[in-house]
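Encoded as structure tokens, the structure appears first; notes follow it.
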Amino acid sequence: MAEALRPDEGDYDVVVIGSGFGSLFFVEGFLRKRPDARILMLERGRHNSHAWQIQHETNSNISPLSTFRKPESHKTWNFTIGVGGGTNCWYAQAPRFHPNDFKMKSLYGVSQDWPLSYEELDPYYLAAERKMSVAGSDAMGIALPRSAPFPQPPHVPTSVDRVMSKAQPEFHFPIATARASIATEERGRCCATARCALCPVDAKFTFENGFRNLHAMPNLEIRAECEVTHIDVANDVVRGVRYRHGDREYSVQGDLVVLGANAIHSPAILLRSGIEHPLTGVGINEQAGYYAEALLDGLDSMDGGTITTALNYMLYDGDFRRDAASALIYFENRWPFGLRKEFGRWRQLVPLIVAVEDLPQEANRVTVDSDGLPNVSHAKYSEYAQRGIDRSLKMLEKVLAPLPVESVDYVESRPTESHMHSSLRMGTDRATSVVDAKQVHHDVRNLVVVGSSVFPSCPAANPSLTVAALSLRCAELLA
Ligand SMILES: Cc1cc2nc3c(=O)[nH]c(=O)nc-3n(C[C@H](O)[C@H](O)[C@H](O)COP(=O)(O)OP(=O)(O)OC[C@H]3O[C@@H](n4cnc5c(N)ncnc54)[C@H](O)[C@@H]3O)c2cc1C
Ligand code: SF4
């Protein structure tokens, strides 16, 4: 039975569900325009400090697997439940999407166009990069145009990257990352220890080092250990947000309600609440990833300044995307499968991660079981993604041609890229999207969805910078 809070405690300008990337950057943008707005953030997990996380070697006391079901044979999903959401566990790879990722349907006849362009997102990308002090090289502007420099200089490249960038200046770039290349007041300098989910020197951007200011704001409250279960709607308007705290249930009201509980839990909350839209939960996806490794003849690597030093875009965009998915290649400065065993040749290898875009598919979806727990069905990647994997494997030798390569081998597939998107897609047409171009629900006009659940498609690059930029844009349009 819901117990209403007293009205003076319970009415807010904005109630935000979740405190991860989508929610935090929405709040950041909203407060820039309306600094006095009364905002309540309801977060399911607790605040686990950096020190606690390092000591306990985990980002959260709640396992993500305990929060949803999936058929046994289906793929893995990974996320953090806790104040700060994915800012705790992420590796801080922070590339933008490619301009053509936003217009896949009109350019290549596949997937869905986004209801906004890369150019429109550029100022918000810049603002998100500044907030996170993203390091990168302006050379990347060749592939991903930018109207201002990166806030921090690029990390030291490996010897392999130097050869690659010289031979392929239009494709091979130092990584864009929110791992500091220069120490800031809040963050240490990245020293390439390569355990970024639990960065020992606090070099990557997180809730704790990036949004500390929120704690001091008198008009904003982050209420932890409050699991939102339902959103109550009457006459297409949200009338209340129900949540559990301890063994009690509460209801709170906001003029605007922002749903940012991740791409599994946001659709689950809508489904549980009976907020009907045929695409709610439909199309959940992430990139298909695999490891490859090239052995080199006489060129030592592993001498770069951070865990992943470069991105290669040779297989990212082109007319081939009509038929096969794009692939982004990560050049690693670590040795997940060990160093070489031959005497004196330990470092003559390049571990690669290849991430391949996928499509939202009807059969891959979030539903809710009779006890209210989300159930995620994802039997397989699309044929389009599989063709992208095959194409990238065939092309790796060509990509690596500037290097003295002895052999290139596929090592294994990756169980998850730790991303998830597209379960509440955005678009201009209600028939093909759940939220509109401003991320407002098509049917419930004081309900906004933030986070990677709104992605209309599944580009090969990491999602969080785009989540942040979209939230800043959404907040500016709505505040
Ligand atoms: C190990 C790992 C590494 C990653 N590395 C990268 C990377 O290098 N680069 C990159 O771009 N992305 C990375 N990601 C992905 C990144 O974390 C996500 O893309 C991002 O967090 C998505 O933002 P979001 O706002 O949609 O969800 P989240 O950031 O997950 O936020 C959702 C929030 O909602 C809360 N919540 C859930 N259910 C409820 C409820 N019922 N009531 C209240 N609150 C609720 C959660 O606790 C969480 O705080 C990584 C993820 C993992 C797991
Ligand atoms: S490489 Fe090491 S220092 Fe750099 S962000 Fe990752 S864990 Fe932190």
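Quick look at the numbers
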read-out: Where a residue in the range 283-299 is β-branched (Val, Ile, Thr) and its partner, wherever it lies, is surrounded by fewer than 22 Cβ atoms within 10 Å (Cβ to Cβ) and assigned to a strand (DSSP E or B), with Cβ under 7 Å and at least six apart; value: Ile284/Arg365
read-out: The one condition in (1) in contact (Cβ under 8 Å) with a residue 60 or more places away in the chain; (2) of a type in the set (Gly, Ala, Ser); (3) open to solvent by 30 Å² or more (accessible area, probe 1.4 Å); (4) under 30 Å from Ala325 (Cβ atoms) that Ala92 fails to fulfil; value: (3)
read-out: Candidates Ser106, Ser147, Ser111, Ser133, filtered to the one that is open to solvent by 20 Å² or more (accessible area, probe 1.4 Å) and either assigned to a helix (DSSP H, G or I) or aliphatic (A, V, I, L, M) (or both); value: Ser106
read-out: Any hit, the range 43-59, residues being surrounded by 15 or more Cβ atoms within 10 Å (Cβ to Cβ), part of a loop (DSSP other than H, G, I, E, B), among the β-branched types (Val, Ile, Thr) and more than 18 Å from the chain's Cα centre (by Cα); value: yes
read-out: Positions within the range 226-249 being of a type outside the set (A, V, I, L, M, F, W, C), over 13 Å from Leu447 (Cβ atoms) and within 12 Å of ligand 1 (Cβ to nearest atom), in sequence order; value: Glu227, Thr229, Arg242, Tyr243, Arg244, His245
read-out: Selection status of Asp161, surrounded by 23 or more Cβ atoms within 10 Å (Cβ to Cβ), away from ligand 2 (no atom under 15 Å from the Cβ), outside any loop (DSSP other than H, G, I, E, B) and of a type outside the set (Ser, Thr, Tyr); value: yes
read-out: Any chance Glu119 is open to solvent by 40 Å² or more (accessible area, probe 1.4 Å) and part of a helix (DSSP H, G or I); value: yes
read-out: Selected residue [closer than 23 Å to Val228 by Cβ, free of Cβ contacts under 8 Å to residues at least 24 places away in the same chain and assigned to a loop (DSSP other than H, G, I, E, B)] from Asp371, Asp443; value: Asp371
read-out: When residues of the range 269-309 are limited to those that are assigned to a helix (DSSP H, G or I) and open to solvent by less than 10 Å² (accessible area, probe 1.4 Å), the one nearest to Leu65 (Cα to Cα); value: Ile269
read-out: Filter result for the condition that a residue is under 27 Å from His56 (Cα atoms), basic (Lys, Arg) and within 16 Å of ligand 1 (Cβ to nearest atom), over Arg223, Arg189, Arg212; value: Arg223
read-out: Subset of the range 227-266 [in contact (Cβ under 8 Å) with a residue 24 or more places away in the chain and either hydroxyl-bearing (Ser, Thr, Tyr) or not in a strand (DSSP E or B) (or both)]; value: Thr229, Asp236, Tyr243, Tyr250, Ser251, Gly260, Ala261, Asn262, Ala263, Ile264, His265, Ser266
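Every residue, every condition in (1) open to solvent by less than 10 Å² (accessible area, probe 1.4 Å); (2) more than 28 Å from the chain's Cα centre (by Cα), yes or no:
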site: Glu221; (1), (2): no, no
site: Glu227; (1), (2): no, no
site: Ala234; (1), (2): no, yes
site: Val238; (1), (2): yes, no
site: Arg242; (1), (2): no, no
site: Ser251; (1), (2): no, yes
site: Asp255; (1), (2): no, no
site: Asn262; (1), (2): no, no
site: Pro267; (1), (2): yes, no
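The values are calculated or read from the model by the stated rules, or taken from the named source; none is laboratory data. None of the values given here were measured: they were computed from a predicted structure. Because the Cβ atoms are built from the backbone with ideal geometry, glycine has one as well, and the counts that use them run over all protein chains shown. The protein model used for the area step is the full one, side chains on, heavy atoms only, and it has no ligands, DNA or RNA in it. Shrake-Rupley method; radii C 1.70, N 1.55, O 1.52, S 1.80 Å.
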